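The values are calculated or read from the model by the stated rules, or taken from the named source; none is laboratory data. All values derive from a computational prediction rather than experimental measurement. We place every Cβ from the backbone using ideal geometry, glycine too, and count neighbours over all the protein chains shown. Heads up: the accessible areas ignore ligands, DNA and RNA and are worked out on the full protein's heavy atoms, side chains in. Shrake-Rupley method; radii C 1.70, N 1.55, O 1.52, S 1.80 Å.
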Amino acid sequence: MIIADRKPLDEIVGMVSDAKKILVLGCRGCVTVCSAGGEREVEILASLIRLGMLKQGKKIETVEGTLVRQCDKEYIDGIDEWEGQYDAIVSMACGVGVNFIANLRPTTKVYPAVNTSFFGGSTDQGVWMEQCAGCGNCVLHLTGGLCPVARCAKSLMNGPCGGSVNGRCEIHPDVECIWQSIHDRLGRIGNAEAMNVIAPIRDWSTAGHGGPRKTLRDDLTI
Amino acid sequence: MTFTPDIQAFCCHYTSQQTIAEGKKGLKDDGLPANITFHRVVCTGKLQVSTLLKAFEEGADGVYVVGCPEDKCHNVKGSQRAAKRVVAIKKALAELAVEPERIEMFHLERGFHPEFVEAAQLMNKRITDLGPCPFKGEAK
Ligand code: SF4
Ligand code: SF4
């Protein structure tokens, strides 16, 4: 899922400092699961924005809402429910949600309340780790299911580098050297020889270096 | 001008038995400041961040939570959860440039004991020294 973190409050309050009434809008998708922008976080943020504005001697009205998703046109239409009740929307969805509102509501002010961080999963309660970078050309079948693009500090295709020490990455002793783990795992699953295959120079054009990416499924379009 | 802070205390069932048993007068005789309003909750682990923030929105100058000792909570981890939420609010207050020490967590033994009164007195002194909460600035 997409992992996000709430932005610093002074930054958020700064965005809405001229507004009189705002819609704080959560999303029931990924940001609910990673506790960044679901219904509960909406309630907390609305309260903190009101407090932040009071601190500046201003009063702001807040309306709270949470959509099933903010990355689908159908659900964005749900915003109509609060028509006329806000000057601006503070979206707690990932950046996709904010973009969708901006795309579909050309004259509505929309601000991001979270920093969209990465694709990951919860490895422990309250801990999320990046797992995939959405490179558009997956190599997990060659690397024992562990991603060298997202999880190697250098995104090496032929690791490990010379800085790998005792299974730790040279950038920090807390960071696993994923290439050591790939090596160990390939051994465990009886595919150690895969380490001898030299990966060719990679074409990164699918990884977002060639402009915004698009998927078109002819079988689904009407 | 003397300032009497509005302090809201949220205490669990077990640590606040004193507030029920002794009544208003008894508590005053024990030295509990009269400007502290006590809210009893079944367990501090049940307290939501939004409930504590609401206390500030409603005009509190200081807020504190009293739960069981960290390793002896009646509900195992309730007071640990409450303590984490208090830390999260401290961080949020700091981001809004408001003194984080306006909110505090206390872990106390259940039953009658002077530490319950001491916590109240400590908060009363601390918040009196800090002055009115900046959230109470005149809203335009
Ligand atoms: S190789 Fe690419 S698509 Fe596959 S997990 Fe890594 S970043 Fe994601
Ligand atoms: S030590 Fe391992 S994870 Fe770190 S950069 Fe080198 S190969 Fe990548």
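For chain A, the mean residue ellipticity at 222 nm estimated from helices alone is -7000 deg cm²/dmol, where every DSSP H run of n ≥ 4 contributes -39500 (n - 2.57) and the total is divided by all residues, rounded to the nearest 500. Using the Karplus relation 6.51 cos²θ - 1.76 cosθ + 1.60 with θ = phi - 60°, the per-residue 3J(HN,Hα) values for region B:22-29 come to 8, x, 4, 5, x, 5, 5, 4 Hz, with x marking Gly and Pro.
Before I look further, what does the protein assembly as shown give for accessible area per residue, probe 1.4 Å, in whole square angstrom?
54
The mean number of partner chain beta-carbon atoms within 10 angstrom of a residue's beta-carbon across peptide A:44-51 is 6.
Each part gets one Cα centre, and for region B:1-29 versus region A:119-176 those centres are 53 Å apart.
Expressed as a whole percent, the accessible area of the protein assembly as shown that falls on carbon and sulfur atoms is 53 (1.4 Å probe). Cross-link partners of B:LYS28 among aspartates and glutamates, defined as those whose alpha carbon lies under 16 angstrom from its own and excluding same-chain residues fewer than eight positions apart: B:GLU115, B:GLU118. The lysines within cross-link reach of A:LYS109, meaning a Cα-to-Cα straight distance under 29 Å and a gap of 8 or more places when in the same chain, are A:LYS7, A:LYS20, A:LYS21, A:LYS55, A:LYS58, A:LYS59, A:LYS73, A:LYS214, B:LYS54, B:LYS91, B:LYS136, B:LYS140. For A:ALA4, nonlocal amide neighbours, meaning residues 5 or more places apart or on other chains whose placed amide H falls under 5 Å from its own, are A:SER117. For the segment A:143-156, counting C-beta atoms of other chains within 10 Å of every residue's C-beta and taking the mean gives 0. The protection proxy used here, the mean number of other Cβ atoms lying within 10 Å of each residue, ranks peptides B:60-67, A:34-41, A:201-208, B:15-22 as follows, highest first: B:60-67, A:34-41, B:15-22, A:201-208.
Here's the picture: charge each Lys and Arg Cβ at +1 and each Asp and Glu Cβ at -1 in region B:7-129, and of B:LEU32, B:GLY111, B:GLY78 the one pushed furthest to the positive end of that dipole is B:GLY78. Dipole magnitude for chain A: computed about the Cα centre from +1 point charges on Lys and Arg Cβ and -1 point charges on Asp and Glu Cβ, it is near 340 debye.
In units of 2.2 N^0.38 Å, what is the alpha-carbon radius of gyration of region A:133-203? Please list the in-between numbers first.
Numbers: Rg = 11.6 Å, N = 71, 2.2 N^0.38 = 11.1 Å.
That works out to 1.04 for region A:133-203.
Applying 1/(1 + (r/R0)^6) with r as the Cβ-Cβ distance of A:PHE119 and B:ALA34 and R0 = 41 angstrom yields a FRET efficiency of 0.15. Only Cα sites of region A:2-118 enter the Debye sum here, all with the same form factor; the resulting log10 I(q)/I(0) across q = 0.13, 0.15, 0.16, 0.22 1/Å is -0.41, -0.56, -0.64, -1.23, listed in q order. Here the label points at A:ASN158 and A:ARG202, each 7 Å from Cα along the C-beta direction, are separated by 1.4 nm in the simple model.
Taking Cα atoms, how many degrees apart are the long axis of helix A:39-55 and the longest axis of chain A, rounded to 10 and kept between 0 and 90? Relative to chain A, helix A:39-55 is tipped by roughly 60 degrees.
Other residues lying with their Cβ under 11 Å from the Cβ of B:CYS12 contribute a combined charge of +3, Lys and Arg counting +1, Asp and Glu -1. Any idea what diffusion coefficient chain A gets from Stokes-Einstein, in µm²/s, Kirkwood Rh on alpha carbon pairs, 20 °C, 1.002 mPa s? D, rounded to a whole number, is 107 µm²/s. From the Cα gyration tensor of region B:1-136, with a ≥ b ≥ c the square roots of its eigenvalues, which class applies: rounded if a/c is under 1.5, or else prolate if a/b is larger than b/c, or else oblate? Note, shape of region B:1-136 comes out oblate.
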